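Read the figures in this text as sums done on the coordinates, not as results from a lab. Computed from a predicted model, the values in this text were never measured in an experiment.
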Amino acid sequence: MKKVPQKKFLLSLLLFVTFSTPLNVFADDLNYNPALEPPAPVLDAGWAYDQIDAVATNSLDSSYDYSLLNPAWFRITDYFSTGDTFFVYDFGSLVLTTTPTGFASGFGDNTFADAGWTSPSYGSAEILLAVGPHSLTVQGDGAGGLPAGFYTRLDHGPVSTGSVPEPTTIFLLSSGLIGLVASRKKLKE
């Protein structure tokens, strides 16, 4: 029996293992890297990956807990399997369900998520969250297979500037005050 040098043997073993392992390439395998993506959507930080592993159970990273000082858009999109529907709950109450939508444009920070967001073939949805506390959980039906991956994001909503009084309101208020002052002066005389 011929003696094989140890380096050649290890290199052969490495090549065998590398090329004999089946290569399953899915969009989520290419794009999902837990070290690079936040585990839950962070305000104005772009898309975050999450997934459900079983029907009617919370996603791996749920719940997403926020205390918002201003309104914010919560957005969710699928881009892994057509047919999946995701359900978003806030403190246990259903507030959002994905449907095949196809929004007009993406956000430019994740090509996979943006492709799902703009495609009419994948389920997407958004909701404007009010100021205050929120505890969001995501569940899904797994119709496209499990695990079912999806992306979420949280973006600033419209900022309230407070109410600005109309000129007629100011005029009426001023007239009333002037009338009160004048009537008090008259009473003193």
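When a/c is below 1.5 the answer is rounded, else prolate if a/b is larger than b/c, else oblate, so apply that to region 41-156 with a ≥ b ≥ c taken from the square roots of the Cα gyration tensor eigenvalues.
Judged from the Cα gyration tensor, region 41-156 comes out oblate (a/c at least 1.5, b/c at or above a/b).
Given H placed on each backbone N at 1.01 Å, which residues far from Asn110 in sequence or on other chains put an amide H within less than 5 Å of it?
Close amide H contacts, sequence-distant or interchain: none at all.
Tabulate in residue order the Karplus-calculated ³J(HN,Hα) for region 108-115, using 6.51 cos²θ - 1.76 cosθ + 1.60 with θ = phi - 60°, rounded to whole Hz; enter x for Gly and Pro.
For region 108-115, the Karplus curve yields x, 10, 7, 5, 5, 5, 4, 5 Hz.
Name the residues whose placed amide hydrogens come within less than 5 Å of the amide hydrogen of Ser121, ignoring near sequence neighbours (fewer than 5 apart) on the same chain.
Here the answer is none, since no amide H 5 or more places off falls under 5 Å of that of Ser121.
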